[in-house]
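For reference, the structure discussed in these notes is given below.
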Amino acid sequence: MIPAAFEYVAPTSVEEALAALAEHGDDAKIIAGGQSLLPVLRMRLNAPEWVIDLGRIESLRGVSDRGDHLAIGAMTTHHDVGQDPLVHEHALLISKAITHLADAQVRHRGTFGGALAHADPAGDLGAPALALGSTFVVQGPGGTREVAASDFFVDLFETAISDDEILTEVRVPKHAGWGAAYEKFVRIAHQWPIVAVAATVRMEGDTIAEARIGLTNMGSTPVRAEAAEQALAGVPATEEGVAAAAALAADGTNPPSDLNGDADYRRHLATVLTRRAVLAAAGRS
Amino acid sequence: MTATQEPTGATTSEIGRDRRRKEDQRLITGRTRWTDNITLPGMLHLAMVRSPFPHARITGIDTEAAKGATNVVAVLTGADLGEAQGVCINAWPVVPDQVTPAHLPMPSDRVSFAGEVVAVVVARTAAEARDAAELVEVDYEELPAALDLKDAATAHETGGAIAHPDLGTNVSAVWRFDSGEAGTGGDVEQAIAEARSNGILIEREYRQQRLIPAFMEPRSVVVDPTGEQITVWSATQVPHILRFAMAATTGVPESKIRVIAPDVGGGFGGKLQQTPEEMIAFAVARRLGKPVKFTETRSESLLTAHHGRDQWQRLTLAATKDGHVTGLKVDLLADLGAYVAIVGGGVPVLGAFMFNAIYKFPAYQFQTTNVLTNKTWTDAYRGAGRPEATFAIERLMDELAVAVGKDPLEVREMNWIKHEEFPFTTVAGLQYDSGNYEAATARAKEMFGYDELRAEQAERRANGDKVQLGLGISTFTEMCGLAPSRVLGSLNYGAGGWEHAEVRMLPTGKVEIVTGASAHGQGHETAFSQIAADRLGVPFEDVEVLHGDTQISHKGLDTYGSRSLVVGGEALVRALDKVIEKARPVAAHLLEASADDLEFSGGRFTVKGTDQGMAITEIATAVFAAHNLPDGMEPSLDSEATYDPVNFNYPHGTHLCAVEVDTETGQVKLRKYVCCDDIGVVINPLIVSGQVHGGLVQGIAQALWEEAVYDDNGTLVSGSFVDYLLPTAADTISFEIDHTTSPSTTNSLGTKGVGEAGTIASTPAVVNAVVDAVRHLGVSDITMPCTPERVWRAIRSGSSGGATTEAAMPHFDETEGGVQ
């Protein structure tokens, strides 16, 4: 479990990091918390010549209130995001998902931006970030640009971040008062989700006024369960009412088949978990 | 007849006392001598170059680039090392005409499984060795690979792939037992014919999936050739057997090899092998004249350390219409992998005597066909043969209960050996010395709340609940305490089954115990200290237990098969008794009394009827000084004993498991697990609890989680802990365990083995519970591991949920391209 030799640089500003990236280009990998990259390096599935560590760039850490949205610094650890009162108040879905994310050790080392930029479709943060309509801020040699969540996830382990750019911040629109639940289906506790459903709802009395649902590991990227979201609007938060809408959750998805389940089983799981997540988000379970 | 004793409660005696393990502080903190912690002056490091193909001809190996890499000392191939590398031995040819492929640690012409070593790089650091290993270029010509067990078994007839083409067949051995032929029972075919016409016939095929022992400490070996002897440190369960194998296959005199198993972090059978890597390290150290170290990565460990289980079981159970079993026929296919491992072919044979379990079957037939394939070799894994047998019979007894419409516990009781019938000779020819299945079952039922849970199950079924409740039973026994040497000889095993112990009485009153058993996490140091303290009447703290070094414990057959206490412990007791008997005449001499007038108790010899006495530790000092000993007396109390057991050892127990099955998703959740094991007299209840708890989790993991899966290319897909689902504490529940006590009558402590019991018992208890939860939905079997998908599919189709056949992508693979 010894990685191939690499050169290591730990810049203290985004500009320095970008300069290092520009210099080493394809030969470089960026490391954030290292919870995904280090196993890959140790198993020698990848052998970059340079590793650029963002760990010393303080400006990339922390959660701040920006009026209509929260700004989560890319290098904020899962633990810090999960414990943040602003996140709990305005993006409860993210708080809920983080309680299911890996284990305590990983949550203290792994970072919010690192996990999202890694773009593992089985990662726990993509679906909530997508469901909440987040915006991704990336910085490159030409300055910063904003990418909508729907455009950010391109494919398996592939995002809209260019080779010369760094993800610096994730902007999450405020969803104060929305109920939320993350239903994660695993066989053992430390496993990647076979399927997970991130659901957040705005209630008006006993009725679901609005629902946002993201699906984990139901395709090569996190996906929205749009048909289910639409069907849920105006539906009473009852088992029957939600079940009918949740039955649409897997529409248009293209989930993988692997040791833990074939695609058809995952589609079935998505409908069951969506029903449960929505009812839980609506405070009905 | 067996007397069942009440378990002993709080006691001041060392036997039965909850001693915390004296070895734990160093093991848990890691401030100890794991093999990989050992560093020697001038030591070089090895990295292995391994085949990515399951079966291929090696057409060329270019080592030039690697040889030129930084700080590389040598790059050696099988051709370079030649005969100096020795061979990996098979110690148990189960039949005289067994087909056994030659097993060179590093072949030079052909590889037979993905992961086989083809070259070794020697460098000044482990990292440099690893880097240079990537520069070794090997040309392969791929050959057809024998991967599927069933296909491989008939390949010599069908023209399918042969794992070792020169052998012409994949069938290594066919081993058979028939009670009619052996005179231990009737004719099974007749029983089957009768059941077919006027009784119950249960015919099933069960799969024992391939498992990976997944011990915590990866294997590691250090070889130092620079002294008078070649010293080998290895993370092994079997230092004595390893020394023998190294000497026997390399020509180095046994007296010139010292093998040390320092602290070893788990094994579960997975470290009872003579491994290619140990032999390669031995050969390289000798070639270069320098100390070398090889420590495997976790990936290498999962890929190449021997796997376990991997059988197909075809079973036919004949019974009367009321549920009395009249015969059992077992036909196994066992996957040996690419080579016949040290006892690999014997694992199914160890199971052969256990399919009849605790029952009185009138007729029994067993056959195993041992099959070679181009996969990692298989060998003993916690339970070795007995979990497979126990699973089969305990699943069948549940099926029989359904067929005759009775409670599964009732059907078991109808068939089991009654406690007043011990000692009992079984249809497989073993003599069970003691047991009380009624008592263990009654206690387990009481702890479980069996009747209440059955009532809840009925209610959930009636209500059509989405979450259904299932109850699973396993009334297991097993044969352990390996083993009577004569029996091993009759089974063609290459060694005996005795164990050795020594007691050294030090002049300061301290005691050293030397055992030939080789601890790798079990707690020998604590348990053996308790036995010595109890027998000699010395403080627990004054006993030191030495083991795992062929220079200190020169005789031994190591640790596996739950043998350390029941065989090694008995050897220790006999050595301790010799010390007392040697001390007696000295005590008589010093106390000026007749030896016949002395009694020994609480560590003191006293003259009967007086207050005159002397501690055995004082006698040890007097013997050391040797100033005043009886005439002709040897000035030593030190004693040794070698004990060959007269019988196997038969722990048993009743395990009851309740699971909740989410019928919407197929998810299985443990609700309650209760067991009452009868392991005879308990030396240390705390250690026993640890063994039972750990064993249960390992068995439950086979039922629900673990499976080594190969794809159609012969690649191990479950090659990391991302895909090989090893449970943690977060996945289990609190177990409720208790004991009944039927002392073993074949060792003086009355103990029975407990190292494997939990694993053997729990797998069928869990699967029976899962099937029971959904049987009313038309399900009669679910293939292990009972994944949510399989359970869900079984509910939907009323079938077994299918086997793992699809090629699947591991979670970590080369397409991984995340930036941050």
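The values are calculated or read from the model by the stated rules, or taken from the named source; none is laboratory data. Keep in mind that what you see is a predicted model, and the values were worked out from it rather than measured. Cβ placement follows ideal geometry from the backbone for every residue including glycine, while neighbour counts extend to all protein chains displayed.
For this structure, a couple of remarks:
- Of the residues making up region B:272-326, those that are within 14 Å of chain A (Cβ to nearest Cβ) and of a type in the set (Asp, Glu) are B:GLU296, B:GLU300.
- Residue count for region B:136-184, restricted to those that are touching an Asp or Glu at 6+ places or on another chain (Cβ under 7 Å) and within 30 Å of B:TYR432 (Cβ to Cβ): 1
- Residue among A:VAL138, A:VAL147 that alone is touching an Asp or Glu at 6+ places or on another chain (Cβ under 7 Å) and farther than 20 Å from A:VAL197 by Cβ: A:VAL138
- The set of residues in region B:711-732 being assigned to a loop (DSSP other than H, G, I, E, B) and more than 9 Å from chain A (Cβ to nearest Cβ) consists of B:ASP711, B:ASP712, B:ASN713, B:GLY714, B:THR715, B:GLY719, B:TYR724, B:THR732.
- Among the residues of region B:56-89, just one is charged (D, E, K, R) and crowded, with 19+ Cβ neighbours inside 10 Å, namely B:ASP80.
- Count of region B:605-630 residues which are assigned to a strand (DSSP E or B) and either free of Cβ contacts under 8 Å to residues at least 12 places away in the same chain or farther than 11 Å from B:ILE580 by Cβ (or both): 5
- Among all residues of region B:582-593, there is none that is under 23 Å from B:ARG504 (Cβ atoms) and touching a His at 6+ places or on another chain (Cβ under 9 Å).
- The combined condition, being farther than 24 Å from A:ARG212 by Cα and either within 14 Å of chain B (Cβ to nearest Cβ) or not hydroxyl-bearing (Ser, Thr, Tyr) (or both), is fulfilled by A:THR77.
- Qualifying residue in region B:115-126 (condition: part of a helix (DSSP H, G or I) and either within 14 Å of chain A (Cβ to nearest Cβ) or closer than 26 Å to B:ALA245 by Cβ (or both)): yes
- Meets criteria (crowded, with 18+ Cβ neighbours inside 10 Å, touching a Leu at 6+ places or on another chain (Cβ under 8 Å) and either away from every other protein chain (no Cβ under 14 Å) or in contact (Cβ under 8 Å) with a residue 12 or more places away in the chain (or both)) for A:ARG224: yes
- Count of residues meeting criterion [free of Cβ contacts under 8 Å to residues at least 24 places away in the same chain and out of contact with any helix residue (DSSP H, G or I) (no Cβ under 7 Å at 6 or more places or on another chain)] in region A:161-190: 1
- The C-beta contact set for region A:1-30 (first residue more than 10 Å from chain B (Cβ to nearest Cβ), second residue of a type in the set (Lys, Arg), distance under 6 angstrom, 6+ apart or interchain) comprises A:ALA10/A:ARG56; A:THR12/A:ARG56.
- Screening B:ALA501, B:ALA517 for residues that are buried (at least 24 other Cβ atoms within 10 Å of the Cβ), of a type in the set (Gly, Ala, Ser) and under 17 Å from B:ASN684 (Cβ atoms) leaves exactly one candidate, B:ALA517.
- Subset tally (residues that are within 14 Å of chain A (Cβ to nearest Cβ) and either aromatic (Phe, Trp, Tyr) or surrounded by fewer than 24 Cβ atoms within 10 Å (Cβ to Cβ) (or both)) for region B:639-678: 7
- Restricting region B:127-146 to residues that are in a strand (DSSP E or B) and charged (D, E, K, R) leaves a set whose member that is farthest from the other protein chains (Cβ to nearest Cβ) is B:GLU141.
- Within region B:752-791, the set of residues being in a loop (DSSP other than H, G, I, E, B), of a type in the set (Gly, Ala, Ser) and either buried (at least 24 other Cβ atoms within 10 Å of the Cβ) or touching a residue at least 24 places away in the same chain (Cβ under 8 Å) (or both) comprises B:GLY753, B:GLY755, B:SER780.
- Residue match in region B:524-532 (condition: of a type outside the set (A, V, I, L, M, F, W, C), over 22 Å from the mean Cα position of the chain (by Cα) and at pLDDT 95 or above): yes
- Residue list for region B:281-311, filter: in a loop (DSSP other than H, G, I, E, B), among the basic types (Lys, Arg) and crowded, with 22+ Cβ neighbours inside 10 Å: none
The rows are residues; the columns are (1) in contact with a Pro (Cβ under 8 Å, 6 or more places away or on another chain); (2) buried (at least 21 other Cβ atoms within 10 Å of the Cβ); (3) away from every other protein chain (no Cβ under 14 Å).
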{"position": "A:THR238", "(1), (2), (3)": "no, no, yes"}
{"position": "A:ALA247", "(1), (2), (3)": "no, no, no"}
{"position": "A:THR253", "(1), (2), (3)": "no, no, yes"}
{"position": "A:LEU259", "(1), (2), (3)": "no, yes, no"}
{"position": "A:ARG267", "(1), (2), (3)": "yes, no, no"}
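- All strands (runs of 3 or more DSSP E) inside region A:113-217 with 1 or more residues being touching a Phe, Trp or Tyr at 6+ places or on another chain (Cβ under 6 Å), of a type outside the set (Val, Ile, Thr) and more than 9 Å from chain B (Cβ to nearest Cβ): A:135-140, A:195-204
- When each of A:VAL242, A:VAL272, A:VAL278 is tested for being farther than 19 Å from A:VAL186 by Cα and not in a loop (DSSP other than H, G, I, E, B), the lone residue that passes is A:VAL242.
- Scan of region A:123-136 for residues that are surrounded by 21 or more Cβ atoms within 10 Å (Cβ to Cβ) and touching a residue at least 60 places away in the same chain (Cβ under 8 Å), ordered by number: A:GLY123, A:ASP124, A:GLY126, A:ALA127, A:PRO128, A:ALA129, A:LEU130, A:ALA131, A:LEU132
- Hits in region B:349-381 - residues which are farther than 19 Å from B:ALA155 by Cβ and within 15 Å of the chain's Cα centre (by Cα): B:VAL349, B:LEU350, B:GLY351, B:ASP379, B:ALA380, B:TYR381
- The number of residues in region B:208-247 that are touching a strand residue (DSSP E or B) at 6+ places or on another chain (Cβ under 7 Å) and aromatic (Phe, Trp, Tyr) comes to 1.
- Identity of the residue in region B:252-280, more than 26 Å from B:VAL49 (Cα to Cα) and basic (Lys, Arg), that ends up surrounded by the fewest Cβ atoms within 10 Å (Cβ to Cβ): B:LYS256
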